[in-house]
Structures are given as C-alpha cells and as structure tokens.
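What follows draws every value from the coordinates through simple rules; no lab data is involved. Everything numeric here is computed off the predicted structure, so don't read it as measured data. Positions of Cβ are backbone-derived with ideal geometry, glycine not excepted, and every protein chain shown enters the neighbour counts.
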Amino acid sequence: AQRVTQPEKLLSVFKGAPVELKCNYSYSGSPELFWYVQYSRQRLQLLLRHISRESIKGFTADLNKGETSFHLKKPFAQEEDSAMYYCALSPSGANSKLTFGKGITLSVRP
Amino acid sequence: DVKVTQSSRYLVKRTGEKVFLECVQDMDHENMFWYRQDPGLGLRLIYFSYDVKMKEKGDIPEGYSVSREKKERFSLILESASTNQTSMYLCASSRLAANTGELFFGEGSRLTVL
C-alpha cells in the first residue's frame, strides 16, 4: 500500500524567505506525485504535478526517487502563499485515485 | 468554468439520523470521489466511482454508503450518523482516461453530528 508523509504540520516564514514543504512517499512501483493547495475559504485545487516539471506561482517540486521525496520549494515566499498544502500520490495507471498526506499549513508573515 | 457542486455547505444532525450528502459535477467526468478532511489527518478516501452504478470502497468506508444513479451525481449516505462522523466532506471528480491526477473539488460540506 502507498503512503504519503508530510512530517510538519505548520511552517511559518517571513515574506521573502525561502520555503520548503517536505513530502516523502512509500510505494513500490512508479508513482505520480502532486501538490494540492487550499487557500482560505477556497476549494482544494491542484498546484502542480511532477510529470509536468513546471513552475506554478513560483513553486517547483522535484521527484527524488532515491530519497522517495517530492518537496515543494519556493525561493521567495509571498503573503498570498499562505494556505494549506497537501502532497498526494497516485499509483501509475490508478485512474486518479489519490492518497493524500496530512497536509501542512504555510503561514507567510509580512 | 468547471464545477463540482455540493448542495449542503453546513449541516447539523443528531446521532442516529440518516444523512445524505449530494454532489453534482457538470464536466461529464467519469470518476467521482468522496473524501473526508480532518485537521491533522488530511484527506481520507471514503468511496469512489468510475461509472454509473459502480462503486468501490476507499480507505475508510465503514459507516458510509454511496449511490451513483446518474453520471453527474454522486451521493454519500450516512445510514446512522455518529459523533465521530463530524467532519468536512469533500466531493471530487476527474476524467477516466486522462490519469493526470487532477481532481476537481467541491467547496465541501461541513457536517456536525450532535
């Protein structure tokens, strides 16, 4: 069975500071990894996926199969980045059936 | 604009009551999901469906059932609500073939069981 671990519940940084939200996974095959974000009073939505290798809102995430990690990074945090972030895993070919981590609250202070 | 609509945003029910949570999507998606979201526990999958009249158990199906009579509608049923089912319930949908991992979520239904 697959598992997603987000070891921290809360990360508080000042505006302009770098951000790294940690995500580790456990899965025997080739997973697909995602980051979802939920801003205050908004729906949960996809932020980025590893297969796209894209940068969204300044965030990037690299899949490290050796360390089984998919950490989310941003070099300079903005106040509008404050939100709940979830890492999620889908076994390849599993038809979007996602397993989510417990989430982390990012708070960016002015 | 794609839309997943959960009909009830806030519900308060009593222990033992039967509860229906309704979800409708207008994107012609094949897949639909019900998750519950609890602080410190993240999102946990209750049930999902890949097609009309088809359902599969997720990670925490106990105490819940679902119904999918039409492609656009996926209902979550609590046959006899209990206090430990107080939670935020999120419905989501996605395309069958894309497998992009992109789920489209509703705004959530916050259920309180007294």
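What the table shows:
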{"read-out": "Relative packing of A:78-84, B:44-50, which averages over residues the other C-beta atoms within 10 Å, highest first", "value": "B:44-50, A:78-84"}
{"read-out": "The stretch A:3-109: relative contact order in percent, alpha carbon pairs under 8 Å with at least 6 residues between", "value": "39 percent"}
{"read-out": "Label zone at B:Arg73, where the point sits 7 Å out along the Cα-to-Cβ direction: the stretch B:47-62 residues whose backbone N lies under 13 Å", "value": "B:53"}
{"read-out": "Net charge dipole size for the stretch A:3-109 [Lys, Arg +1 and Asp, Glu -1 on Cβ; Debye, nearest 20]", "value": "220 debye"}
{"read-out": "Relative contact order of chain B, pairs being alpha-carbon contacts under 8 Å that are 6 or more residues apart, as %", "value": "36 percent"}
{"read-out": "Residues B:Phe74, A:Phe59 arranged by fewest to most Cβ contacts within 10 Å", "value": "A:Phe59, B:Phe74"}
{"read-out": "Using θ = phi - 60° and Karplus 6.51 cos²θ - 1.76 cosθ + 1.60, couplings along the stretch A:59-74 (whole Hz; Gly, Pro as x)", "value": "8, 9, 8, 10, 7, 10, 5, x, 9, 6, 10, 8, 6, 9, 10, 8"}
{"read-out": "Efficiency of FRET from Cβ geometry, B:Tyr10 and A:Lys57, R₀ 25 Å, rounded to 0.05", "value": "0.25"}
